[in-house]
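The values are calculated or read from the model by the stated rules, or taken from the named source; none is laboratory data. Source: prediction; values computed, not measured. Backbone-built Cβ (ideal geometry, glycine too); neighbour counts: all protein chains shown.
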Amino acid sequence: MDRDSNIFIADTLNNQVQKYSIDGAFIQKWYFDRPAGIAVDVEGHVYVTSDQYKARVQKFDSNGQECAWEYDDISILYNPQSNRPVGISISKKGNMYISDTNGVIRVFKLNGKLKKVWYNNEGFI
């Protein structure tokens, strides 16, 4: 949910993210390759985990326009070994938590600085 109380839905089957008003009225949709997770920061930027083969996280404004952003090591977010990021959450303190299907959680600041990495050898988190 964004600061205007709009709701975002990752529709993996139909390869799209859908945006609805709090009243349930359809607003718009964006197309992706298998979107899985969505998070919205306090400024209204929308982050989507998607793309089964490129294993990436993308940042958009609230209207679906992709935003440029930089990370300490961009290969962390575009790394086939990450085995597809799926879960994403943003804390009130500005930390982004990204989990993947390899049992790894990465924590970033929204400015792109990697803070921490947790591993779970048992797989999906």
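Taking the stretch 7-34 as the range and being within 29 Å of TYR53 (Cβ to Cβ), in contact with a strand residue (DSSP E or B) (Cβ under 7 Å, 6 or more places away or on another chain) and part of a loop (DSSP other than H, G, I, E, B) as the test, the residues that pass are ASN15, PHE32, ASP33, ARG34. You will find that of ASP100, ASP72, ASP41, the residue that is touching a strand residue (DSSP E or B) at 6+ places or on another chain (Cβ under 6 Å), surrounded by fewer than 18 Cβ atoms within 10 Å (Cβ to Cβ) and at pLDDT below 90 is ASP72 and no other. Taking the stretch 28-53 as the range and being closer than 13 Å to SER89 by Cβ and among the small types (Gly, Ala, Ser) as the test, the residues that pass are ALA36, GLY37, ALA39.
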